[in-house]
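Notes to accompany the following structure.
The values are calculated or read from the model by the stated rules, or taken from the named source; none is laboratory data. All values derive from a computational prediction rather than experimental measurement. Here the Cβ positions follow ideal geometry from the backbone for every residue, glycine too, while neighbour counts run over all protein chains shown.
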Amino acid sequence: MSLAASTLSSLRRQLNSGDITARDIVQDVIQQIHSRDGEIGAFISHHEESALSAAEKADLTLPLGGLPIGIKDNINVLGEPCTCGSQFLKNAYTAPYDATAISKLKAAGAIPFGRTNLDEFAMGSSTENSAIQITQNPAAPGHIPGGSSGGSAAAVAGKLIPATLGSDTGGSIRQPASHCGVVGLKPTYGRISRYGLVAFGSSLDQIGPLTQTVEDSALLLNALAGHDPRDSTSLRAAVPDYTEGLDQGVQGMKLGLPQEYFTDGICPKVRERVETAAKKLESQGAEIIPISLPHTEYAVATYYIIAPAEASSNLSRFDGVRYGNRAEKPADMLSLYQDSRAAGFGPEVKRRIILGTYVLSSGYYDAFYLRAQKVRTLIRQDFQKAFEQVDAILTPVAPEGPSKMGASADDPLKQFLADIFTISANLVGNCGISVPLEPSEGLPIGLQILGPHLGEQTILRCARAVEAG
């Protein structure tokens with residue numbers, strides 16, 4: 001097995017024993033990308049010499065010393081391009097600073113390596129909305145890798161690199177992790193700093209890891225979590241060692257199965273796999289408790305008012321003036337804005353900006369945005385009541401496995417509904433993880449485990465039990 005296909009924990013042991021060097025790992029990652037990423041399309045760019053130089057200087061006494069980590073191309077890395085999968089920033093923007101998540105990775109000894117593909121400005125569920133390139137699902141050729149962190153998931157699933165970072169606004173880590181058969185963790189909102197993450201929905205976005213194993217996710221969360229004074233939403237909470245207690249099992253845990261997540265619209269094979277996983281956890285000593293999250297049916301509508309509204313505000317900074325590509329020879333300032341945005345933004349981004357601007361406009365704010373925020377509160381209360389009964393909640397990640405490339409590219413509603421089981425965690429700010437289950441007819445399926453506020457230790461422990469079988 002190549003070093004790029006190894007887990008972080010395995011590589012740490014080999015580095016500590018002196019069997020390999022950090023340079024060996026980076027060289028193998030480079031070789032795998034050269035030989036196989038032409039077919040996958042996970043990476044938009046990568047800087048080989050700087051990564052090899054960092055490997056030579058790696059401090060192996062640090063928790064992630066010498067380990068390369070792929071970075072979703074909406075997270076700023078000093079001196080590297082950050083395209084956000086958009087023509088607006090392609091060949092037009094180089095990050096002048098490190099995001100806090102990158103600073104923390106470097107402080108832990110990791111080597112940020114390469115920029116992974118994504119739906120433009122993280123808006124999409126298939127990575128087909130990228131303006132840069134197409135990403136294939138290495139676990140299911142001919143099918144989408146999911147999105148928006150499709151490149152990050154595909155890079156891990158394709159054994160191009162041991163682990164990556166993604167971002168999750170409505171399921172953008174968990175859904176591609178499910179579709180590609182890897183582990184994807186969305187931490188509690190504020191657990192990892194958003195400073196340096198190009199904002200989509202500021203009250204929803206969260207950075208998290210995509211890895212081959214639950215242990216590797218815990219290792220990365222150890223390095224990434226913590227308060228950041230540069231992020232006003234960052235939590236002032238102690239950071240535990242997330243690797244401790246991973247193998248304690250689920251004996252005595254109370255796990256909820258929400259009836260609203262097992263509707264007629266779910267693929268029978270997905271339902272079967274999730275219910276089988278719940279029975280296995282029950283056989284290991286967990287108590288499975290039927291629960292209700294009654295406002296789930298309103299989650300998609302609520303999310304697709306709040307997220308576009310925040311996107312409309314956040315993307316107003318892309319005006320062709322300060323950075324990014326600008327229109328040539330505009331007639332006046334208004335034409336500069338209009339022409340730059342018309343050429344720079346793709347159809348999905350334009351759709352969400354228009355929708356967001358509409359719901360925030362005079363005469364419609366109360367009817368749409370304000371009402372959506374009230375429903376968001378009701379959804380949050382549903383989860384608060386549920387977590388008074390259970391320690392974690394088990395659900396599908398998506399209603400079905402990965403669809404074929406192009407099958408829903410022209411159907412925005414179908415893409416929106418792909419997030420139906422993941423968006424609630426973003427609306428309420430809770431943590432969630434996708435862990436692979438047995439594939440169905442060759443298509444990966446993931447189990448979603450949702451936890452309460454700062455419940456990462458619980459969901460990691462539960463996910464490890466699923467992983468161990």
* To do: Keeping to the range 406-438, report how many residues are at pLDDT 95 or above and either surrounded by fewer than 19 Cβ atoms within 10 Å (Cβ to Cβ) or on the phi > 0 side of the Ramachandran plot (or both).
  => 2
* Matching residues, the range 129-159, being touching a helix residue (DSSP H, G or I) at 6+ places or on another chain (Cβ under 7 Å), closer than 16 Å to S45 by Cβ and surrounded by fewer than 24 Cβ atoms within 10 Å (Cβ to Cβ) -> A131
* Asked: How many of the residues making up the range 221-260 are farther than 19 Å from A463 by Cα, surrounded by 17 or more Cβ atoms within 10 Å (Cβ to Cβ) and over 21 Å from the mean Cα position of the chain (by Cα)?
  -> 1
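Here is a yes/no grid of residues against (1) surrounded by fewer than 21 Cβ atoms within 10 Å (Cβ to Cβ); (2) touching a strand residue (DSSP E or B) at 6+ places or on another chain (Cβ under 7 Å); (3) in contact (Cβ under 8 Å) with a residue 60 or more places away in the chain:
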{"site": "L60", "(1), (2), (3)": "yes, no, no"}
{"site": "P112", "(1), (2), (3)": "no, yes, no"}
{"site": "R115", "(1), (2), (3)": "no, yes, yes"}
{"site": "D119", "(1), (2), (3)": "no, no, yes"}
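Residues checked against (1) under 20 Å from T243 (Cα atoms); (2) in a strand (DSSP E or B):
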residue	(1), (2)
A154	no, no
L160	no, no
T164	yes, yes
R194	no, no
G201	no, no
D216	yes, no
* **Answer from E282, E275 - the residue that is more than 23 Å from D382 (Cα to Cα) and at pLDDT 95 or above** => E282
* Asked: Within the range 87-105, how many residues turn out to be touching a strand residue (DSSP E or B) at 6+ places or on another chain (Cβ under 7 Å), under 22 Å from R317 (Cα atoms) and either surrounded by 17 or more Cβ atoms within 10 Å (Cβ to Cβ) or at pLDDT below 95 (or both)?
  -> 2
* **Matching residues in the range 99-116 - criterion: being farther than 21 Å from I33 by Cα and in contact with a Lys or Arg (Cβ under 7 Å, 6 or more places away or on another chain)** => T100
* Could you give every pair whose Cβ atoms fall below 9 Å, whose first residue belongs to the range 122-133 and is within 13 Å of K350 (Cα to Cα) and of a type in the set (S, T, N, Q), and whose second residue is in a loop (DSSP other than H, G, I, E, B) and at pLDDT below 95, counting only separations of at least 6 or pairs across chains? -> N129/A409
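Just the residues that are in a helix (DSSP H, G or I) and either exposed (fewer than 12 other Cβ atoms within 10 Å of the Cβ) or of a type outside the set (V, I, T) (or both), please, taken from the range 361-376.
Those that are in a helix (DSSP H, G or I) and either exposed (fewer than 12 other Cβ atoms within 10 Å of the Cβ) or of a type outside the set (V, I, T) (or both): Y365, D366, A367, F368, Y369, L370, R371, A372, Q373, K374, R376.
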* To do: Can you work out which of the residues in the range 62-85 that are more than 13 Å from L197 (Cα to Cα) and of a type in the set (A, V, I, L, M, F, W, C) is surrounded by the fewest Cβ atoms within 10 Å (Cβ to Cβ)?
  => L62
* For S335, state whether it is buried (at least 19 other Cβ atoms within 10 Å of the Cβ) and assigned to a helix (DSSP H, G or I). => no
* Structure fact -> Taking the range 2-19 and keeping residues out of contact with any strand residue (DSSP E or B) (no Cβ under 7 Å at 6 or more places or on another chain), in contact (Cβ under 8 Å) with a residue 12 or more places away in the chain and either surrounded by fewer than 16 Cβ atoms within 10 Å (Cβ to Cβ) or in a helix (DSSP H, G or I) (or both) leaves S2, L3, A4, A5, S9, L11, R12, L15, N16
